[in-house]
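Working notes, beginning with the structure itself.
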Amino acid sequence: MGIDVRAHIRTVRKRWPMLVLAAAASVGGTFFWTYRQPRIFEASCSVIIDSMAPQYLQGIKDVVEMGTGSYWGNREFYETQYRIMTSLDIALRAVDKLGLINDIDYPVPNAAQVKNRTPEMLARLVAGQTKIVPVKESRIANIVVQDRLPQRAALIANAMADAYIDKNLEYKMEGSRTAQDWFLDQAGNLAAKLKKSETELFEFRQRKQLLDVSLDDKQSMTSENMRTYNQKLADVRTRIIDLESNRKFILAAQNNIEEQESLPEIRTNAIVQALKTMHFDLLRKKAELETTYGEKHPAMERLKQQVLTVNRDYVAEIRKVLKSLDTQYQAARESEKSLAAVMEKEKRQALEIAKVDVEYRPLFREAENNQKLYQTVTQRQKETGLSGLIRSNNVRTLERAVRNDSQVSPRLKFNLLVALGLGLALGIGLAFLIEALDNTLKSQEQVEAILGVPVLGIVPIIGDLGDRKLTPEELRDRDLGVFRDPKSSAAESCRSIRTNLMFLSPDRPLRSMVVTSPGPQEGKTTTAISLAISTAVAGTKVILVDTDLRRPRVHRSFGLPNETGVSNLIVGETTLDEAVRHTEVPNLDVLTCGPTPPNPAELLHTERFKNLLRDLTARYDRVIFDSPPISLVTDPAVIANLTDGVVLVVRGGVTTRDAAAYARRQLGDAKAHILGAIINHVDLSDKGYYYHYARYYRGYSKYGRYYAEESGKA
């Protein structure tokens, strides 16, 4: 659903006095309040807050860390510093430095506290008038103080900055002193622990005979020996394996010289091979001599003796080699046993050292840890002592506050502009609230939505004489204004309504209709008279019948007597010719009410009233009945059921939606044909309403054609 901007503009135009009143009240009240406020001045002192103090000693850190390296850590650090700047402790220091306790001009909340001024009370006031304004993307913070005196504002800002800087340095120095005292106590305790652990370690080494060599060295020596012996044992066992293999062959060839000669050790032995060669040479020589000298020759005997000797030496040498191999095997076996025994001894010794190590390591670690802790504490103690002597601070003043005679509060122009805006907003809000709570009908859309019938037109205010009681002449001038001023907007409106009614049924013109309204004082009688006049001046023979048998008024509007009328005709006391009155308007006659009867509704239900209606429609082209409000009595419903239709008059801005809906239901229950609605008493001097209703004049012919088409379909 779109926003109806025009409707909102109409609401604002309609309620403009409320907007003006709200804006004037807001501006006036704000001006009075601002005028009574004391003048406030502002001063600002800028300080730089570094994340850490300058490091004069390389590698020596301060005990108190002033910040962290991370973004969020620094953010929390600076937020904390801003809180400290406005803390009660800093304010107390500033109060004491400035001597505000003796400054009787310094304002306090009420007169009762002037004599009971305390530093804490003044400190809370100073903290309340101080705010911290960080400079974006920097480490600069402005200490801003507002006070009634410009010079005092600057003094307080500088005093707060100095107090914060001093407090920050004291915090650092106090941290160094506290840490140094703690380090002194810890150094004493650690020295005693170190001495005790070293004594226990010495006594243990003395008992275990570890003074000449350390346990680690002893373990290393044992491990090295075991590796050496193990390697030697492996070599011996490898040699034994080789010797055992050869020994098997030697034992197998023990009684066979040929097999002995095939052994590798025999083939590679130089002596054996030399003897073997010598033996072969002697045999060859013997064979040669045998062909020359024979068996018994002395040379042969000597040669045989040499062969036997060489052969004996050859066999002996082979046995000697084989025995040597066996001796080597036995020696290797003995060496294996010796090395195995030594290995067992080394293992036992390593086990003993491992047992000693289990007891030694805790004592050694404790002594070593105590030594490290003692060295760390004593080193940090020295660094802390040096750091405590350096009065370095991570906070310094950038610009001190100076007197500023330009007041910051109250800001009259700003406050008045804000008040004007708030007043207008309040007025607009009230206007829309009242408009939303207004249950009256104000537009064509509302009337058509509630009644479910088209709007035939509007009737502007005729003779704006207010709501006071009118004289007879004023009443006639108003009700006959359409006739007496035919060029007026009211006359034009009535002619447009007349045209729309004509288009409702072009084939069968409307002969009779009832004009009524949901409630009293809604202009239905004036509308009925104006509609009758505009119809009559067009050449149509019209009669206006006053059927408001309770509060008749038509006779007064035309200045006619009311001795005879409708009530007399119904009871048969007079004739129609005697009761009908001619008026100054051509073609317009009037049938007044006559004496008011005690039972109007019963009279309208009679057959004589129906006969009267037939007689009137036979004599006149148009019969218009002015009836009482439908919400008060049932008379209009009775008459509407007998006529061609009903015209319902609503007063713009007066008739409520509930009343209109109730009237619609009453007429619907009576099976009445509602021709349409007329919005009466519209103030065209109101621009909002003028623009809202002006479009109705342009649409009357369109509505008339629509009504004609719908009637033709029916």
*Compute the length gained on full extension between LEU283 and ARG619: take 0.36 nm times their separation in residues and subtract their Cα-Cα distance, giving the result in nm to one decimal.*
101.7 nm
_Quick check: pseudo-label points 7 Å beyond the Cα along Cα→Cβ at GLU336 and THR376, how many nm apart are they?_
5.7 nm
*asked:* Exceeding 19 Å between C-alpha atoms, which entries from my cross-link table qualify? They are LYS196/LYS372; LYS232/LYS323; LYS195/LYS218; LYS97/LYS167; LYS136/LYS167.
replied: LYS232/LYS323; LYS195/LYS218; LYS136/LYS167
*Vicinal HN-Hα couplings computed from phi for region 139-154 (Karplus, 6.51 cos²θ - 1.76 cosθ + 1.60; Hz; Gly/Pro x)*: 9, 9, 10, 9, 8, 9, 10, 10, 8, 6, 10, x, 5, 5, 4, 5
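Under the 0.36 nm per residue contour assumption, what length would be gained going from the current alpha-carbon distance of GLU578 and LEU88 to full extension?
Using 0.36 nm per residue and subtracting the Cα-Cα distance, I get 166.0 nm.
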*Of the peptides 96-103, 296-303, how do they stack up when ordered by the mean number of other Cβ atoms within 10 Å, highest first?*
96-103, 296-303
*Hey, rough spin-label estimate for ASP326 and ASN102, points 7 angstrom out along Cα→Cβ, what's it come to in nanometres?*
12.7 nm
*May I ask you to evaluate 6.51 cos²θ - 1.76 cosθ + 1.60, the Karplus curve with θ = phi - 60°, for each residue of region 358-368 and list the ³J(HN,Hα) values in order in whole Hz, giving x for glycine and proline?*
4, 7, 7, 4, x, 5, 5, 5, 4, 5, 5
*Could the peptides 476-483, 279-286 be put in order, highest first, of the mean number of other beta-carbon atoms found within 10 Å of their residues?*
476-483, 279-286
_Partners for LYS469 among lysines (Cα-Cα distance below 18 Å; same-chain residues under 8 apart left out)_ = LYS524
*asked:* Going Cα to Cα from LYS285, which lysines come in below 29 Å? Please leave out same-chain ones fewer than 8 positions away.
replied: LYS276, LYS296, LYS304, LYS320
*Mind checking which aspartates and glutamates have their C-alpha under 19 Å from LYS610, skipping anything on the same chain fewer than 8 residues away?*
ASP546, ASP548, GLU573, ASP577, GLU578, GLU602, ASP621, ASP626, ASP635, ASP644
*Using r as the Cβ-Cβ distance of ARG348 and ASP235, and R0 as 22 Å, what FRET efficiency do you calculate, to the nearest 0.05?*
0.45
*Spin-label pair TYR293/TYR662, simplified geometry with 7 Å Cα→Cβ offset, distance in nm*: 18.2 nm
*For ASP166 and GLU79, compute 0.36 nm times the residue count separating them, minus their Cα-Cα distance, and round to one decimal in nm.*
29.4 nm
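Every read-out reported here was derived from the displayed coordinates using simple, explicitly stated rules and does not represent laboratory data. Since the model is a prediction, treat every value here as computed from it, not as a measurement. When we count neighbours, we look across all protein chains shown, and the Cβ atoms used for this are built from the backbone with ideal geometry, even at glycine.
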